[in-house]
Amino acid sequence: MGLSTAAGAEDYVITLKNNQFSPKELTLTANQKVKITVKNEDAAHAEFESYDMHREKVITGKGEIVLYIGPLDPGHYAYFDDFHRDTTTGTIISK
């Protein structure tokens, strides 16, 4: 089985609305590169951050970002909105 390239990466979408990520848990295929689009439906800016995945990127209000993640080992990878860290969190599950 060959490795995925950015052009052939699996595509996923995470939406941020009312300071909540949806889905709160996203399950991905382990050991494959994936493309994640994070859409911010709120007017306020947000910051997608993950210590586990070494990512930090601002999302403008009503904007979106694209992240290429992986390949990830099997496990759980936390992420959060650094501007609303106490309430806006999520988890990527790689298996």
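The GluC sites (Glu not before Pro) of the range 31-94 that meet both conditions, a loop assignment by DSSP and at most 15 other Cβ atoms within 10 Å of the site Cβ, are GLU41.
Hey, with R₀ at 35 Å, roughly what FRET efficiency would LYS39 and ASP73 work out to, going by the Cβ-Cβ distance, to 0.05? Numbers along the way, then the final one.
Details: r = 27 Å, r/R0 = 0.77.
The formula returns an efficiency of 0.85 here.
Figure legend: label point modelled 7 angstrom from the Cα of HIS84 along Cα→Cβ; residues of the range 12-28 with amide N under 20 Å from it are 13-26.
Please work out whether the range 40-95 counts as rounded, prolate or oblate from its C-alpha gyration tensor, where a ≥ b ≥ c are the square roots of the eigenvalues and a/c under 1.5 means rounded, while otherwise a/b larger than b/c means prolate and anything else oblate?
Details: a/c = 2.47, a/b = 1.74, b/c = 1.42.
Because a/c hits 1.5 or more and a/b exceeds b/c, the range 40-95 counts as prolate.
For the chain, the fraction of alpha-carbon pairs lying more than 17 Å apart is 45 percent, rounded to a whole number. Annotation: per residue accessible area for the chain equals 57 Å², rounded to a whole number [probe 1.4 Å, protein chains only].
Only beta bridges with both residues in the chain are counted; by DSSP, about 65 percent of them are antiparallel.
Per-residue surface analysis assigns ARG55 an accessible area of about 70 Å², computed on protein heavy atoms at 1.4 Å probe radius. Taking 20 Å as the limit for the C-alpha separation, the pairs LYS33/LYS95; LYS17/LYS62; LYS24/LYS95; LYS17/LYS57 never exceed it; all remain within the limit.
Tell me the carbon and sulfur percent of the accessible area for the chain, rounded to whole percent, probe radius 1.4 Å. Show your work: numbers first, answer last.
Values: 2670 of 5370 Å².
The nonpolar share, carbon plus sulfur, comes to 50 percent.
The values are calculated or read from the model by the stated rules, or taken from the named source; none is laboratory data. Since the model is a prediction, treat every value here as computed from it, not as a measurement. Cβ: placed from backbone, ideal geometry, glycine included. Neighbour counts: every protein chain shown. Please note that ligands, DNA and RNA were not included when accessible areas were found on the heavy atoms of the full protein model with its side chains. Shrake-Rupley method; radii C 1.70, N 1.55, O 1.52, S 1.80 Å.
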